[in-house]
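Notes follow the structure.
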Amino acid sequence: MTDSVQHGSAVLVHFTLKLADGSTAESTRSNGKPALFCLGDGSLSEGLENHLLGLPVGGKAAFALETVHAFGGVSPDLVQYFSRRDFIEAGEPDIGAIMLFSGMDGNEMPGVIRETSGDSTTVDFNNPLAGQTIHFDVEVLEIASVLKTRNADPVS
């Protein structure tokens, strides 16, 4: 265990994400299940990591991240149009529904159904929090050092 959050730390945290209107977008406190992140693995934005650096176990921080430092802006390239026939097996999707789609690489991607008009269904693959300032409330529960190992050649 280390004294404070550093680059390469594995950090167990409770967090609440709020939007500008004060509504809660997500909270680990509501389900009692903290989240585990590893700083430097690319899962967190640099802006968020910078606010966590130096916090001790039990440390709390409240801050806001602008769009560019949170979930990024809304990209029109991530809005796609599908034929309504593509949804025959799943059934007519409701506006606002989140559905999983298979990407070209075989990975699943969530998309939000934005509109159905004529034979076209509009699906938005932007993060639902993209384009918004996010207010964070974070509490560090545990910190561990993560050692990066290299593949070693076997000794003969």
- Query: Expressed in nm to one decimal, what extension gain is obtained for the pair Ala35 and Asp105 from 0.36 nm per residue of sequence separation less their Cα-Cα distance?
  - Reply: 22.5 nm
- Applied in sequence order to the stretch 64-80, the curve 6.51 cos²θ - 1.76 cosθ + 1.60 (Karplus, θ = phi - 60°) yields integer Hz couplings, x standing for Gly and Pro, of 10, 10, 5, 2, 4, 9, 9, 10, x, x, 7, 9, x, 5, 8, 9, 10
- Burial ranking of peptide ranges 91-102, 130-141 (average Cβ count within 10 Å, highest at the top): 130-141, 91-102
- Message: Can you work out the Karplus-derived ³J(HN,Hα) for every residue in the stretch 23-35? Use 6.51 cos²θ - 1.76 cosθ + 1.60 with θ = phi - 60°, whole Hz, and x for glycine or proline.
- Response: 6, 7, 8, 7, 8, 6, 5, 5, 9, x, 10, x, 9
- Message: Using a Förster radius of 25 Å, what is the FRET efficiency between Phe125 and Ala62 based on their Cβ-Cβ separation? Nearest 0.05, please.
- Response: 0.25
- Message: Report the gain in length on full extension from Asp77 to Leu141: 0.36 nm times residue separation, minus Cα-Cα distance, nm rounded to one decimal.
- Response: 19.2 nm
- Using the alpha-carbon centroid of each, what span in Å lies between the stretch 1-58 and the stretch 79-98? 34 Å
- Just one of [x] 186; [y] 109; [z] 169 is volume of the Cα convex hull per residue in Å³ calculated from these coordinates, so which is it? [x]
- Could you give me the ³J(HN,Hα) list for the stretch 139-145, computed from phi with Karplus coefficients 6.51, -1.76, 1.60 and θ = phi - 60°, whole Hz, x at Gly and Pro? 10, 7, 9, 8, 9, 9, 7
- Message: Quick check on the chain: helices-only [θ] at 222 nm, where DSSP H runs of length 4 and up contribute -39,500 (n - 2.57) each and the sum goes over total residues. Nearest 500, please.
- Response: -1000 deg cm²/dmol
- Query: So who's got an amide H within less than 5 Å of the one on Arg29, skipping anything under 5 residues away but keeping other chains? H placed 1.01 Å off N, in plane.
  - Reply: Phe15
- Task: Can you tell me how much longer the chain between Asp86 and Thr24 gets when fully stretched, taken as 0.36 nm per residue apart minus their C-alpha distance, in nm with one decimal?
- Result: 19.0 nm
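Quick note: the coordinates plus some simple rules give every number you see, no bench work behind them. Please read these numbers as outputs of a predicted model, since none were measured by experiment. With ideal geometry, Cβ positions are generated from the backbone for all residues, glycine too; neighbour counts draw on all protein chains shown.
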